[in-house]
Amino acid sequence: MPREEKYKIDNLFVVHIGVKSSNTTYAKETIICKRKKDSYDHYWYTDIFTNNSYRLSNDYRSNVGETVAFNPVSLISVFKPSTFKDKLLQNGYATKSELIGIYNALNDENGYVMTIEKLKLDEPQEITILNKKAFTTPPSYLKDKELETLMISIAMNKKITLITGENGTGKTALVEQLAYLIQHNQVPDFLRKKQIFEINIPSIKAAKKPKDIDKLIKEIITYTKNQEAILYIDNADEILDANEDNVNVIALLRYAAERENIKIIASVDLETYKKNSLLKDNFDVIELKEPTEEELIEIAKKSFIDQSKRTGININGIKEYLDDIITVLIGTTKTTSINFITKQKNPGLLLEMINTSFAIAQAKKEKHLLHDHVIDAIQRNNNLDKQQANKAVNILTELKVTSPKSEKAKQLVLSIKN
């Protein structure tokens with residue numbers, strides 16, 4: 001892979017360019033330039049991106065109506081003290097990607113002096129490097145089959161992967177699990193150096209005007225293209241939903257995949273996928289479905305153990321009841337509320353209730369997980385069918401005063417399926 005071009009900081013200047021009038025000069029753009037003195041001792045400023053050269057506006061050879069440069073300052077002087085400024089001074093050089101970022105920031109800024117928050121160079125605010133995320137437990141409990149399918153898709157020439165499925169089936173968790181495995185060096189060789197950059201499109205749309213989305217994605221592509229990148233667009237429904245404006249976004253993603261050799265993964269709701277034929281034509285599709293009851297039992301057991309390790313909350317007090325509690329929780333999640341907006345499915349809904357149970361125990365400063373914590377978690381969850389949730393609460397309330405493994409306990413648990 002060719003090394004990115006670098007520019008010596010000491011040789012770079014920031015100037016405004018504009019059209020000279022009789023009394024003043026009207027600014028058009030702020031540019032980054034190299035400076036050169038000619039044989040008449042006059043300075044010329046050459047745009048590093050376009051190679052266009054401009055005289056200073058106070059140069060006696062500059063004419064009215066001519067495009068000229070004015071207010072030159074050294075590049076390093078435009079920054080307030082910051083980690084990024086220290087980095088530039090220490091390195092003595094800036095890469096082309098960094099200078100593109102500086103250029104974009106300068107032309108968005110009212111005035112010269114900038115901060116690293118405005119510049120957004122070390123990492124654009126709209127992305128998160130999942131490989132650097134601190135995972136306390138494995139993000140996904142899906143089987144190896146789904147992970148293998150994702151890895152195969154990444155290795156394919158098509159380069160754009162779409163993960164679809166109903167809310168809660170583990171679309172985001174699957175990608176986070178891949179990042180977790182890369183982090184722990186548990187992936188095939190072709191993935192070992194990959195970095196997964198998550199792009200949060202809803203946050204982009206909330207922070208920017210719709211017309212700026214293309215520009216932001218282009219900036220992210222520029223930032224990531226030489227970094228062994230996998231771009232992940234979570235909850236991409238808003239940007240990939242079926243309407244004319246989004247055809248350009250899909251084309252931009254195809255360009256990034258085919259021309260810049262960037263692998264792209266997007267996750268969307270199953271409904272969005274079904275109604276948008278563009279997605280079927282341009283993506284390699286992985287559809288996630290709800291696990292079977294046997295799979296959910298294994299997922300729940302692993303989750304109870306992992307949450308206990310993460311929180312320090314002991315599960316020994318309900319250990320003899322754990323299988324029954326899991327059966328009740330699974331039975332409770334079989335029918336979700338038709339009135340609640342998310343209509344969450346498993347394993348997400350099941351894992352959410354387990355996580356909430358431990359959170360309740362933590363908030364109450366308990367050292368042991370109790371039936372009451374699980375009951376409270378069920379009562380707090382708006383995704384559950386109310387009738388089914390009330391049945392589960394009654395079963396667990398009776399179960400906690402019933403001998404484990406007894407015939408009565410068995411009948412109580414079976415009643416959740418009726």
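The values are calculated or read from the model by the stated rules, or taken from the named source; none is laboratory data. Predicted, not measured: the structure shown is a model, and the values here were computed from it. Reconstructed Cβ throughout: ideal geometry from the backbone, glycine too, with neighbour counts over all protein chains shown. Only protein heavy atoms, including side chains, enter the accessible area calculation; ligands, DNA and RNA are left aside. Shrake-Rupley method; radii C 1.70, N 1.55, O 1.52, S 1.80 Å.
Out of curiosity, is residue 282 at pLDDT 95 or above and over 13 Å from residue 374 (Cα atoms)? No, not satisfied. If the condition is being in contact (Cβ under 8 Å) with a residue 24 or more places away in the chain, in a helix (DSSP H, G or I) and crowded, with 18+ Cβ neighbours inside 10 Å, then segment 372-387 contributes 374, 377, 378.
Among what's in segment 213-258 and is over 24 Å from residue 269 (Cβ atoms) and over 18 Å from the mean Cα position of the chain (by Cα), pick the residue that is modelled with the lowest pLDDT. Steps first, answer last, please.
Of segment 213-258, the ones over 24 Å from residue 269 (Cβ atoms) are 215, 218-219, 221-229, 255, 258.
With over 18 Å from the mean Cα position of the chain (by Cα) added as a condition, the list becomes 226, 255, 258.
On the way: 226: 69, 255: 75, 258: 76.
Applying the filter and picking the extreme gives 226.
Taking the conditions (1) out of contact with any Pro (no Cβ under 7 Å at 6 or more places or on another chain); (2) surrounded by 18 or more Cβ atoms within 10 Å (Cβ to Cβ); (3) under 17 Å from residue 300 (Cα atoms) in turn, residue 412 satisfies each one other than (3).
Would it be correct to say that residue 401 is assigned to a loop (DSSP other than H, G, I, E, B), surrounded by fewer than 22 Cβ atoms within 10 Å (Cβ to Cβ) and over 37 Å from the mean Cα position of the chain (by Cα)? Step through it out loud before you land on a result.
On the way: assigned to a loop (DSSP other than H, G, I, E, B): yes; surrounded by fewer than 22 Cβ atoms within 10 Å (Cβ to Cβ): yes; over 37 Å from the mean Cα position of the chain (by Cα): yes.
The answer is yes for residue 401.
Among the residues of segment 141-172, those that are open to solvent by 50 Å² or more (accessible area, probe 1.4 Å), part of a loop (DSSP other than H, G, I, E, B) and under 21 Å from residue 186 (Cα atoms) comprise 143, 156. Taking every residue in segment 298-316 that is within 13 Å of residue 350 (Cβ to Cβ) and pairing it with any residue that is part of a helix (DSSP H, G or I) and among the β-branched types (Val, Ile, Thr), at least 6 positions away or on another chain, the pairs with Cβ-Cβ distances below 8 Å are 300/326; 300/330; 300/354; 301/326; 303/354; 304/326; 304/354; 307/354. Do you know which of the residues in segment 95-128 that are assigned to a strand (DSSP E or B) and within 21 Å of residue 197 (Cβ to Cβ) is modelled with the highest pLDDT? Result: 95.
Quick grid of which residues meet (1) at positive phi; (2) out of contact with any Pro (no Cβ under 8 Å at 6 or more places or on another chain); (3) touching a residue at least 40 places away in the same chain (Cβ under 8 Å):
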residue: 45; (1), (2), (3): no, no, no
residue: 51; (1), (2), (3): yes, yes, no
residue: 63; (1), (2), (3): no, yes, yes
residue: 66; (1), (2), (3): no, yes, yes
residue: 69; (1), (2), (3): no, yes, yes
residue: 76; (1), (2), (3): no, yes, yes
residue: 87; (1), (2), (3): no, yes, no
residue: 104; (1), (2), (3): no, yes, yes
